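Enquirer: Just dropping this structure here.
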Amino acid sequence: MRYYFRTRTLILRGTFRAAGTGKPGGLGDVPTILFQASGEPADREGPQRLLEAVLRREGLPQEHFGILTGGVRAGSICIMQYDYLTLFLAAGASPGDGGSPVPVSMVVISREGMTDAALLEAIMTVTAAREEALRSAGRRAGGSPLDGVIVACEGEVRHQSAGSASEIGVRLREAVSFGVPEALARHEGRARRDRPSFFIYSRYQGGHWVEWVPEGCPYYPCHFPGQRCDFCYCPFYPCGDESLGQWVASASQNGEVWNCSGCTLLHEPEIADYLLAHPEAPLAELKRKKGMPQ
């Protein structure tokens, strides 16, 4: 999966099996998922028309799932990464009076495959977690007509269930319960960011969420002055390319993890600029541009 922003649109590209309550919704195989932050109250008369216009503008195939959020700045979107799961969420403007429920739209991507039943179950899991998080934040729950949820996966099927007690469900509940208050804070102006906020679940010194910002990057001196921090969390991870890293025993869980701490490919300004301009470029293309052996 790759994701990138164009104007007010978060574009996710991959080979997805997806279930969604957005547009068009249902179950399907799609190469594109759109999370459109309209900036204004959602156009409930023509959301599909707006999403299709984005696809035409970007030259993307028409097969897609999408969510159109209302009254959301792109900088208010929160991105939560927990192992193989990535959650994108944003709080929007309430329809009607101020007592209406706050809409919170979510897109979940798993890089481990799920059955159709697990995809549908994950929608229920994140919806319940969203309602619980809103109540804990003192907000009215109960759902909004502007809510939307999409759950998608890639890869070989490894998960048959996504209920709240399942391996996936536990991670989703953690991500939603932490992410909803952060999304509310950004939507309401209590936390100001000029870009989407990226959080990662870290097990270092105990499990906790960390917000990563390029300014004051915590990974210096793994790379050095003159290099770039745009891709400190590499979109290719774990690439498995043994010219760039190696598999090592995990210190915090069973099995192995990919260690690429010595790789500076995406920290090179020329490569970072190229990937920003061509966000779907494969790793082999970037290595060729750098003059590295394939």
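The values are calculated or read from the model by the stated rules, or taken from the named source; none is laboratory data. Keep in mind that this is a model prediction, so the values were computed, not measured. Neighbour counts run over all protein chains shown; Cβ positions are idealised from the backbone, glycine included.
Enquirer: Can you pull out every residue in the range 241-289 that is touching a residue at least 24 places away in the same chain (Cβ under 8 Å), closer than 25 Å to Arg203 by Cα and not in a loop (DSSP other than H, G, I, E, B)?
Expert: Across the range 241-289, the qualifying residues are Leu266, His267.
Enquirer: Which of the following residues is buried (at least 19 other Cβ atoms within 10 Å of the Cβ), modelled with pLDDT of 95 or more and out of contact with any helix residue (DSSP H, G or I) (no Cβ under 8 Å at 6 or more places or on another chain): Arg158, Arg171?
Expert: Of the residues listed, the single one that is buried (at least 19 other Cβ atoms within 10 Å of the Cβ), modelled with pLDDT of 95 or more and out of contact with any helix residue (DSSP H, G or I) (no Cβ under 8 Å at 6 or more places or on another chain) is Arg171.
Enquirer: Residues to consider are Asp194, Asp230; find the one that is in the same structural domain as Phe88 (by TED's automatic domain parsing), among the acidic types (Asp, Glu) and in a loop (DSSP other than H, G, I, E, B).
Expert: After ruling out the rest, the residue left standing is Asp194.
Enquirer: Filter the range 15-36 down to the residues that are in a strand (DSSP E or B), surrounded by fewer than 20 Cβ atoms within 10 Å (Cβ to Cβ) and touching a residue at least 60 places away in the same chain (Cβ under 8 Å) and list them by number. First the steps, then the outcome.
Expert: Start the filter on the range 15-36 by keeping residues that are in a strand (DSSP E or B), which leaves 15-20, 23, 26-36.
This time we only want the ones that are surrounded by fewer than 20 Cβ atoms within 10 Å (Cβ to Cβ), so: 15, 26-29, 31.
Correct list: Thr15, Leu27.
Enquirer: Got a sec? Which of Leu184, Leu172 is under 20 Å from Leu12 (Cβ atoms), in a helix (DSSP H, G or I) and in the same structural domain as Thr86 (by TED's automatic domain parsing)?
Expert: On the way: Leu184 fails: under 20 Å from Leu12 (Cβ atoms).
Step by step, each of Leu184, Leu172 is checked, and only Leu172 is under 20 Å from Leu12 (Cβ atoms), in a helix (DSSP H, G or I) and in the same structural domain as Thr86 (by TED's automatic domain parsing).
Enquirer: Look through the range 197-210, keep the residues that are part of a strand (DSSP E or B) and of a type in the set (Gly, Ala, Ser), and return whichever of them is farthest from Glu174 (Cα to Cα).
Expert: Only one residue fits best here, namely Ser197.
Enquirer: Given the conditions (1) surrounded by fewer than 12 Cβ atoms within 10 Å (Cβ to Cβ); (2) under 18 Å from Ile79 (Cα atoms), report the number of the one that Gln253 does not fulfil.
Expert: For Gln253, the exception is condition (2).
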